[in-house]
Amino acid sequence: MALDAPAGPPPPDVVTERQRQGWNWAAQKYAEMLETTAYIKPATDLIINTLRDKYGSSAFTLLDVAASVGEPGISIAQCFPQCRVVSTDLAEENAKIGPAFASKRGVANITYESADGQAL
């Protein structure tokens, strides 16, 4: 009995759709995990220090691509109230959950959009 050769990898649009569905499914749990752990803090601190060195107290706009619910964007917006953060993610649920996540921390200078980073 001969076995058929594998069909090959799925097309990119199928992979993107699977990723979108997976992150929509996980969005709330991921947001809860971010609230209770500090695993992203070292990277966030590095980004904040780099932005502080580059911009000081000047206004700037930051585009956060594949941002999930907006971290580290929320921390950046909190540290730089003069800046504007645009948080984007493929999963629509992250754009729905993100504003409440930011509001809980008193951050208003961040907006959320659902967007495919590959298409930006």
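The values are calculated or read from the model by the stated rules, or taken from the named source; none is laboratory data. Note that this is a predicted model, so its numbers are computed, not measured. Cβ atoms come from the backbone with ideal geometry, glycine included; neighbour counts cover every protein chain shown. Accessible surface areas use protein heavy atoms only, side chains included; no ligands, DNA or RNA. Shrake-Rupley method; radii C 1.70, N 1.55, O 1.52, S 1.80 Å.
Accessible surface calculations at 1.4 Å, restricted to protein heavy atoms, place the chain at 63 Å² per residue. Computed extension gain for Phe60 through Ala26, at 0.36 nm per residue and net of the alpha carbon distance, reaches 9.1 nm. A protection proxy built from the mean count of other Cβ atoms within 10 Å ranks the segments 66-75, 10-19, 101-110, most packed first, as 66-75, 101-110, 10-19. Cα centroid separation, region 1-74 to region 82-104: 12 Å.
Computing semi-axes √(5λ) of the Cα gyration tensor in Å directly from the structure and comparing it against (1) 33, 16, 14; (2) 24, 20, 14; (3) 28, 17, 11 singles out (1). The listed peptides 81-89, 51-59, 25-33, ordered by packing as a protection proxy, come out as 81-89, 25-33, 51-59 (highest mean of other Cβ atoms within 10 Å first).
With the simple model of a label 7 Å out from the Cα in the direction of the Cβ, Leu120 to Ala43 spans 1.4 nm. Using C-alpha pairs below 8 Å separated by at least 6 residues, the relative contact order for the chain is 24 percent.
Shown for the chain: the carbon plus sulfur share of the solvent-accessible area, taken with all protein chains present and a 1.4 angstrom probe, equals 59%.
Pairs of lysines in the chain whose Cα atoms sit within less than 22 Å of one another amount to 6, provided the residues are eight or more positions apart or on different chains.
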